[in-house]
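The values are calculated or read from the model by the stated rules, or taken from the named source; none is laboratory data. On a predicted model such as this, the values are computed, not experimentally measured, just so you know. Neighbour counts run over all protein chains shown; Cβ positions are idealised from the backbone, glycine included.
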Amino acid sequence: MSLWVDKYRPKTLAQLSYHDRISQNLKALSASGDFPHLLVYGPTGAGKKTRVYATLQEIFGSAVERLKIDVKTFTTSSNRKLEFNVISSPYHLEITPSDMGNNDRVVIQDLLKDVASTEQVDFTSSKVKHRFKVVVINEADCLSRDAQAALRRTMEKYSANTRLILVCNSISNIIPPIKSRTLLVRIPKPTIEEIGDILNMVAKKEQVKFNSNDPQAITSFLNNLAEKSDRNLRRSLLAFETISMQNETIPITNNSGPQLTLDWEIIISGIADAVLKSRSVATLAKLRDAYYELLAHCIPAKIILKTLLFNLIEKLGDSNVVPKLVELASDYDERLSLGQKSIFHLEGFTANAMVALES
C-alpha cells in the first residue's frame, strides 16, 4: 500500500494539472531533436522531480519506470573507499552527490565519466531516436565548488552522449558557467486553489468522508489545509492522508482547517524558547540532546538551522539583534556545507546567538 503522494503522482506531462505553460514547453523540448541540459529549480513541494520524470517519460517512454538501485564504490585520493547509491533505468541515472560531503567531486568525476564515455543506443526500435543518457542530479545547489567545476568540464566534453538535469531549490549557489550552459526552468509553488483541487480529487477517489456535505465547506477546508502547508503540495497530501487515517469522518467546523504542527517543528520552537529564556552553558548542554534527536530522525541540519532562525525572528519581532542572527545563520549554513559534524555547527550557532542576544 503506497502513500497518496506516490499513488497519485502524475507520470506524464499531460496528467499534470498546474503550470500548463511549463508542461507545454517541456513537451516541445522533448519532441525536438536537440534536448538541452536543464537546471530545474523552485521551492520544496512544487513538483520539480515529478515534472522531471514526466519529461523523461515523454522522451523515452515507460522504460524510465523500470528503476533499480545500484551501489557504486569510489576511491578518494587518500585511498578511502566510499559507497554511493545510484538509482537508474535503461535510459537515465539519478544521483545525489551532496550526500558524500566534500567527496562529491569524486562522484561527479568518476560516475559521470563512465556514463558519458559510453554511447546510448536503443536496440528496441529499428531507428535510434536518442543517443544520449540523462543524469538527474538532486540537490545541485549543495554541491561544492570543486564538484561544480568538474560538472562543467563534463558538460563540455561529453555533451554528445549525456544530458544533465540539475534539480535544486535555489540557483544562488550554482556557479555562472553551469547556469550559462543549461536551460533554466523555474517551477513556482502551485496556488492554494490548485492544491485544493488536487486534494478534492484525491478525496473523491479515496472516498474520504466529511461531516458536512456542503461542497463549499469542503473546498474551504482543503484550501485552508493547503495554506497552512505553505502551498507545499507534498506536505498537503501527507497531512491530508494523516488526517483521514486519524478520523473515520473528518470534522469540519467553522470552515477552518486543522492545526498542522509537526513534532520536529515543536522541538525547534522549544529550542528557540530555551535560547531566549536562559542563555547559559547548562542550557546549551541540554539543547545538545534535542539536536541529536532531530538529527537521529533524519531532519537535515540546514532545515534545523533555518527553522530555528525563523522561530527566533518571529519571537523577537523588530529587535535590533535580528540582523546579527541572520548573519550568523548565513555563516553557519556555509559551514554545514563544508564540515562533517553537523552537531558542532548547530551548537556553534546556538552559542553565538546566545552571545548576540546577551550583548
Please work out which one of (1) in contact with an Asp or Glu (Cβ under 7 Å, 6 or more places away or on another chain); (2) among the aliphatic types (A, V, I, L, M); (3) under 30 Å from Pro36 (Cβ atoms) is the condition Leu184 fails and give its number. (1)
If we keep just the residues of the stretch 142-184 that are under 21 Å from the mean Cα position of the chain (by Cα) and β-branched (Val, Ile, Thr), which is surrounded by the most Cβ atoms within 10 Å (Cβ to Cβ)? Ile165
Condition met for Ser278 (at negative phi, small (Gly, Ala, Ser), outside the structural domain of Gln148 (by TED's automatic domain parsing) and without any contact (Cβ under 8 Å) to a residue 40 or more places away in the chain): yes
Check Ile304, Ile271 and return the single one that is modelled with pLDDT of 90 or more, more than 30 Å from Asp146 (Cα to Cα), buried (at least 16 other Cβ atoms within 10 Å of the Cβ) and touching a Leu at 6+ places or on another chain (Cβ under 6 Å). Ile271
Members of the stretch 225-234 found to be under 16 Å from Met201 (Cα atoms) and not hydrophobic (A, V, I, L, M, F, W, C), listed by number: Arg234
Just one listed residue, out of Ala329, Ala296, Ala301, is over 21 Å from Asn169 (Cα atoms) and aliphatic (A, V, I, L, M), and it is Ala296
Val208 fails exactly one of (1) touching a helix residue (DSSP H, G or I) at 6+ places or on another chain (Cβ under 6 Å); (2) exposed (fewer than 14 other Cβ atoms within 10 Å of the Cβ), namely (2)
Consider Ile299 carefully, then state whether it is under 20 Å from the mean Cα position of the chain (by Cα) and surrounded by 16 or more Cβ atoms within 10 Å (Cβ to Cβ). yes
Can you find even one residue in the stretch 175-188 that is part of a loop (DSSP other than H, G, I, E, B), closer than 24 Å to Ile87 by Cα and at pLDDT below 85? no
With respect to Ser32, is the statement that it is of a type in the set (S, T, N, Q), under 18 Å from Leu183 (Cβ atoms) and surrounded by 18 or more Cβ atoms within 10 Å (Cβ to Cβ) true? no
Considering only residues that are within 20 Å of Leu111 (Cα to Cα), more than 20 Å from the chain's Cα centre (by Cα) and surrounded by 20 or more Cβ atoms within 10 Å (Cβ to Cβ), which ones fall in the stretch 35-86? Val64
Spans of helices (runs of 4 or more DSSP H) in the stretch 282-359 with at least 3 residues touching a residue at least 12 places away in the same chain (Cβ under 8 Å), under 15 Å from Ser269 (Cα atoms) and of a type outside the set (Val, Ile, Thr): 301-316
